[in-house]
Structures are given as C-alpha cells and as structure tokens.
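Everything below concerns the one structure shown next.
Derivation of every value follows stated rules applied to the coordinates shown; laboratory data play no part. Only a predicted model underlies this, so the values are computations on that prediction, with no experimental measurement involved. Glycine gets a Cβ as well: all are built from the backbone with ideal geometry, and neighbour counts include every protein chain shown.
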Amino acid sequence: MPMDLTGPPRSDWRTRLDGLSADYLAVAPGLRERIDVCLEWLDVAARSDRWPIIVTATFSAMEAILVPEKAGLKAGVVTVRSVAVHVAVNQPFFDPGEVMAGYQLRSDLVHGTPTPDVLDKEATAFAEFTRRWAFDVFRDYLTLVKDSGAGTVTEIAAHLDRGPCNDVCSWLEEHGGSSIVAEYRESLRPKDS
C-alpha cells in the first residue's frame, strides 16, 4: 500500500528509515551478504500472518547475522549475542528468557516436533514479539557495524564475544539466566575432532 512518509506525523519514521538505509549502504561487502540473508528472512516474517512462519523466519534472520560459526546449539548464542548487540550500542533489550523460549519453539517447528500445547492466540502474539525483537536487533546491529567498522559477521561476533557478551552473561547469571549462559559458553567451546 503506498504511503506518504513526508507528512508531520510520519516524518520521524522517514528519518529513521533514511538512517537505516544509510547504515545498510555503508556495510562492507563481506558483511553485506549475511545482512541481505537476514533481510530476506525478515521480509518473509513481515509478509506472513502465520505464527510458525514468523517465528521460524525471525530466528533464521538472526542466525544469519549472529552465528557465523558452526555451533551445535544455537539458542544460547542467538540469545546472548542479540542482547549484546543492544548493550554494545547502549540500547535497552528484550527479556532474554523470551528470546530463548522463542528459539526453542523455532527449533521444535523446524525439526517437526508437534506443538499441540501452543495456543494459536498466544503464539500469534508471541510471533509479533519476535518480529519486533528481530527488527530492533537488526537496527542496532547496523549501528554496531557502522560504529565498529567491522567487515565480516565473524568480526562482529568476535567483538561481541570479547566484551558485551561478557556483560550480558554476568547480568543473566545475576537474574536467573545461568542456563542460557551455560548453553552459550558450551556452544562456543572448541569441539574435539
């Protein structure tokens, strides 16, 4: 649907979109591919009204920009790094427990596990949460890329793991999220061949 973004009530939206566009255009080519994959999944989530598709697509979008390595369990990595993105650019973050629960639901959906205990109305509301969460992570991720000058998703992940993720892990351990921290750390531990 066409929309005029020049009017007074919408000028703030236009300014924010212009900023996102400028941040996207400034991304190094080595990182652009992963960001484009993220955007493609966010587009799938935005165009759907079915919660299983929305949840699966938003977490796939986040994996594209937050998990460059081959990690066995990714829920902890996506949860900790998504919060760390916000922390790195001094922005508020969503409840990490909700993010972890969302990733676990995504895993059930992707792997064909029946979800009869998930109520459609609650799942639809949760899907809306995941769309908003993913957009906010994406927005702050672009800011982080711009501020850090990183050229690859691996460099961003390493930057997060060296600093902001440590702060997030400390916060999680103080606020009942030690299981998230344990999974995050286990996922990043080098595997014996």
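Of D43, D108, D23, how do they rank once you tally other Cβ atoms within 10 Å and put the fewest first?
D43, D108, D23
Compute the convex hull volume of the Cα atoms of region 84-180, divide it by the residue count, and report the result per residue in Å³ as a whole number.
Dividing the Cα hull volume of region 84-180 by its residue count gives 118 Å³.
What net charge is computed for the residues neighbouring E122, neighbours being all others with C-beta under 13 Å from the C-beta of E122, Lys and Arg scored +1, Asp and Glu -1? Don't skip to the answer; put the middle values down first.
Numbers: positive: K121; negative: E98, D117, D120, E128.
That works out to -3.
Mind putting a number on the dipole of region 8-188 about its Cα centre? Charges go on the C-beta only, +1 for Lys and Arg and -1 for Asp and Glu, and I need it in Debye to the nearest 20.
Taking the Cα centre of region 8-188 as origin, the dipole is about 420 debye.
Per q in 0.13, 0.19 1/Å, what log10 I(q)/I(0) does a Debye calculation on the alpha-carbon atoms of the chain return?
Listed by q, the Debye log ratios stand at -0.71, -1.40.
What net charge do the residues around V137 carry, taking every other residue with its C-beta under 14 Å from that of V137, with Lys and Arg at +1 and Asp and Glu at -1?
Taking every Cβ under 14 Å from that of V137, the sum is -1.
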